[in-house]
Amino acid sequence: MTNVVDITDLRVSFATDSGTVRAVEGVTLQVAAGEVLAIVGESGSGKTVTARTILGLLPETALTSGAVLLTRKDGSATHDIVTLRGNDLRDVRGRDAAMVFQEPSTALNPVFPVGWQIAEGLKAHSRISDKDARARAIEILRLVGIPDPEHRVDHYPHQFSGGQKQRIVIAQALVLDPGLIIADEPTTALDVTVQAEILDLLRSLPRDFGSAIVLITHNMGVVADLADRVAVMFNGEIVEQAEVRTLFSSPQHPYTQRLLDAVPRVGGRRLRDRVRVADELEPMAVDESATPVVEASDLRIVYPGRLRQPAFTAVDGVNLAIRPGEVLGLVGESGSGKTTIGRAIAGLTPVSGGSLKVHGVEMLDVKEKVFRPVRKRIGFVFQDPATSFNPLLTIAQCVAEPMVVHGLAPNPDEARPRVDELMEAVQLPKAFGDRFPHELSGGQRQRASLARALILGPELLIADEPTSALDVSVQARVLDLFARLQAELGFACLFISHDLAVVDLLAHRIAVLHRGVLVEEGTGDEVLGAPKHPYTQRLLASLPVPDPVEQAARRETWRNLRAHG
């Protein structure tokens, strides 16, 4: 088979104020026509830099050597991307290779209709009339599964869901019929059901369009579902390459073995039990007769309509309880009401009806002066610590902020001993307290966010998707740390996630939300081992597992469940 991409001894370094940073060291790769190559590795391994080199998307500070040969789909031309500049490089982008970016909301321009943005690529590479460009945009939107494309071609990005926006970005990449699609973490921000649909679409591209795919991801389940071949990167080098089934069944390199061991699996040994055994902690059974820390009865949360739009019921008649020392996992797809319930418990979203008691305080029509003393007993770990930290404050000042706000310390300096204690508890050096948020990696920021949530010694912790943006090895360390701290400190926790495997590792009980309604609740073995509700069954079948053989069977199960509603 003809190689669409042939990379030989690629080396990329970046000139920085603190010296030269070597990102890629001697990478050699080939991608055949119609093949799906997954490049995997933890953050900083060089996988995204390698992929962006194929399109010449590196900044001016990058120093590149080696060869990156990109062959046109019809075989009429081959270009060395490393040597191309200006118009020659622009001619290759979109026509020979195109990119699907990780976050479609930032890849799409909010002020132009999606049809105009798709047609823009056509007009840049060919003489085509507005009418023909619009017709082609409608056709490609239909091919990627956007309903009613004749009308939706004139809609703006904000009028589409997250999964639909990702389909539009894929349509942008496909419109010029390139021989190679580079997909950079295309499903990271999506919940499992939408992710399954996007994977189904990506899987069809080699068959229906003849395009090869270079897939950049840290999700080994996605790799097992989509890839033909896998290249594993570590510290800028490729440490192992193999056919996908061979790699998962018998990984050779120690780093590959560690990477696969770090992947959470549904039905695996519970992390909370494992850390208690390792640390010789006393097993803490949840007392079912204890007064719940959180108790919801027929809970309703309604967002009022604006501009003549009807009100939206986000949570409808939910009953749940969290007892002292218990971890309740709350799962469901985007828009199911998970985060709304977490915010209501924290006093950040008003309750519309029913009853919600937090530490004995009724949240329906609660007054701030009544709830304020309860706030210090609640910790909140946000999904993205990069946006929840003040970029102008040091990490120590951010972590100390709750103590200052609640009057337990007059200023961050006075709170520093407690901050240093928590930094060590979350396995961060005390010196990191003097750094700013942008100077820490994603995993380090998430650990600092956990320290901030715990600094007041809360009896209840609300963790909203705390590991969704982390690669598997960093996620494993954060989850292990979370389980250790929960076992030692004994706080109750609402753990919100769309990753069923992560919830299964940590939670005593799991509650499944669907369109604001609680459809199933029980232990991990009950809910994930023998799901009763059709929605839970679909949710479980949508979750890609790190085993190509098992994933092929699950894919058929998912298609059958989807076909039957």
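The values are calculated or read from the model by the stated rules, or taken from the named source; none is laboratory data. The model shown is predicted, which means the values in this text are computed figures rather than measured ones. Cβ coordinates were reconstructed from backbone atoms using ideal geometry, including for glycine residues, and neighbour counts include every protein chain displayed.
Filter the stretch 400-431 down to the residues that are among the small types (Gly, Ala, Ser) and surrounded by fewer than 14 Cβ atoms within 10 Å (Cβ to Cβ) and list them by number.
If the condition is that a residue be among the small types (Gly, Ala, Ser) and surrounded by fewer than 14 Cβ atoms within 10 Å (Cβ to Cβ), then 407, 431 are the ones that fit.
Tell me whether the stretch 485-494 contains one or more residues that are under 24 Å from the mean Cα position of the chain (by Cα), aromatic (Phe, Trp, Tyr) and modelled with pLDDT of 85 or more.
no
Considering (1) part of a helix (DSSP H, G or I); (2) surrounded by 15 or more Cβ atoms within 10 Å (Cβ to Cβ); (3) at pLDDT below 90, say which one residue 397 fails and leave the rest.
For residue 397, the failing item is (3).
Give all pairs with beta carbons closer than 6 Å in which a residue from the stretch 32-61 that is within 21 Å of residue 21 (Cα to Cα) meets a residue that is polar (S, T, N, Q); count only pairs at least 6 apart in sequence or on separate chains.
Final answer for the pair search is 42/473.
Can you find even one residue in the stretch 532-548 that is closer than 24 Å to residue 249 by Cβ and modelled with pLDDT of 90 or more?
yes
With the structure loaded, tell me whether residue 21 is part of a strand (DSSP E or B) and either among the charged types (D, E, K, R) or within 27 Å of residue 222 (Cα to Cα) (or both) or whether it fails that test.
no
So that you can scan it fast, the table gives a plain yes or no per residue for (1) crowded, with 17+ Cβ neighbours inside 10 Å; (2) in contact (Cβ under 8 Å) with a residue 24 or more places away in the chain:
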{"residue": "199", "(1), (2)": "yes, yes"}
{"residue": "232", "(1), (2)": "yes, yes"}
{"residue": "249", "(1), (2)": "no, no"}
{"residue": "267", "(1), (2)": "no, yes"}
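Output the residues belonging to the stretch 48-72 that are outside any strand (DSSP E or B) and either of a type in the set (Val, Ile, Thr) or in contact with a Phe, Trp or Tyr (Cβ under 8 Å, 6 or more places away or on another chain) (or both).
Step one: of the stretch 48-72, the residues outside any strand (DSSP E or B) are 48-61, 72.
Within the stretch 48-72, 48, 49, 50, 53, 54, 59, 61 meet the criteria.
So in the stretch 310-337, with the set limited to residues that are of a type outside the set (S, T, N, Q), within 24 Å of the chain's Cα centre (by Cα) and assigned to a loop (DSSP other than H, G, I, E, B), which one is surrounded by the fewest Cβ atoms within 10 Å (Cβ to Cβ)?
Within the stretch 310-337, the match that is surrounded by the fewest Cβ atoms within 10 Å (Cβ to Cβ) is 335.
Limited to the stretch 118-157, what total is found for residues that are of a type in the set (A, V, I, L, M) and not in a helix (DSSP H, G or I)?
Of the residues in the stretch 118-157, 4 are of a type in the set (A, V, I, L, M) and not in a helix (DSSP H, G or I).
What's the total number of residues in the stretch 15-36 that are more than 17 Å from residue 232 (Cα to Cα) and not small (Gly, Ala, Ser)?
5
Does any residue in the stretch 305-316 that is in contact (Cβ under 8 Å) with a residue 60 or more places away in the chain come within less than 7 Å, Cβ to Cβ, of a residue that is of a type in the set (Phe, Trp, Tyr) and part of a strand (DSSP E or B) six or more places away or on a different chain, and which pairs are these?
From the stretch 305-316, the pairs are 314/303.
Of the conditions (1) buried (at least 24 other Cβ atoms within 10 Å of the Cβ); (2) of a type outside the set (Phe, Trp, Tyr); (3) in contact with a helix residue (DSSP H, G or I) (Cβ under 7 Å, 6 or more places away or on another chain), residue 136 clears all except one; give me its number.
(1) is the only condition that residue 136 fails.
Closer than 28 Å to residue 339 by Cβ and modelled with pLDDT under 90: is that true of residue 461 in this structure?
No.
Kindly provide the set of residues from the stretch 367-413 that are in contact with a Ser or Thr (Cβ under 9 Å, 6 or more places away or on another chain), in contact (Cβ under 8 Å) with a residue 60 or more places away in the chain and of a type in the set (A, V, I, L, M, F, W, C), ordered by number.
Answer for the stretch 367-413, where residues must be in contact with a Ser or Thr (Cβ under 9 Å, 6 or more places away or on another chain), in contact (Cβ under 8 Å) with a residue 60 or more places away in the chain and of a type in the set (A, V, I, L, M, F, W, C): 380, 381, 382, 389.
Considering 76, 43, which residue is assigned to a loop (DSSP other than H, G, I, E, B), hydroxyl-bearing (Ser, Thr, Tyr) and surrounded by 14 or more Cβ atoms within 10 Å (Cβ to Cβ)?
Checking each option against the conditions leaves just 43.
Within the stretch 456-471, count every residue that is outside any strand (DSSP E or B) and buried (at least 23 other Cβ atoms within 10 Å of the Cβ).
Number satisfying all stated conditions: 3.
If residue 511 satisfies all but one of (1) modelled with pLDDT of 90 or more; (2) under 29 Å from residue 223 (Cα atoms); (3) in contact with a helix residue (DSSP H, G or I) (Cβ under 7 Å, 6 or more places away or on another chain), what's the number of the condition it fails?
Tallying (1) modelled with pLDDT of 90 or more; (2) under 29 Å from residue 223 (Cα atoms); (3) in contact with a helix residue (DSSP H, G or I) (Cβ under 7 Å, 6 or more places away or on another chain), residue 511 fails exactly one: (3).
Take the stretch 128-143 and flag every residue that is of a type in the set (Gly, Ala, Ser) and farther than 23 Å from residue 197 by Cβ. Steps first, answer last, please.
Keep residues of the stretch 128-143 that are of a type in the set (Gly, Ala, Ser), which gives 129, 133, 135, 137.
Scanning the stretch 128-143 gives 129, 133, 135.
Out of the residues in the stretch 59-73 that are in contact with a helix residue (DSSP H, G or I) (Cβ under 7 Å, 6 or more places away or on another chain) and crowded, with 17+ Cβ neighbours inside 10 Å, which is farthest from residue 185 (Cα to Cα)?
My answer is 66.
So, in the stretch 344-358, of the ones that are surrounded by fewer than 18 Cβ atoms within 10 Å (Cβ to Cβ) and of a type outside the set (Gly, Ala, Ser), which residue ends up nearest to residue 311 (Cα to Cα)?
Out of the qualifying residues, it is 350.
Of all the helices (runs of 4 or more DSSP H) wholly in the stretch 158-262, which have at least 2 residues that are at pLDDT below 90?
Working: elements: 162-174, 192-208, 220-226, 244-249, 254-261.
Those helices (runs of 4 or more DSSP H) span 162-174, 192-208, 220-226, 254-261.
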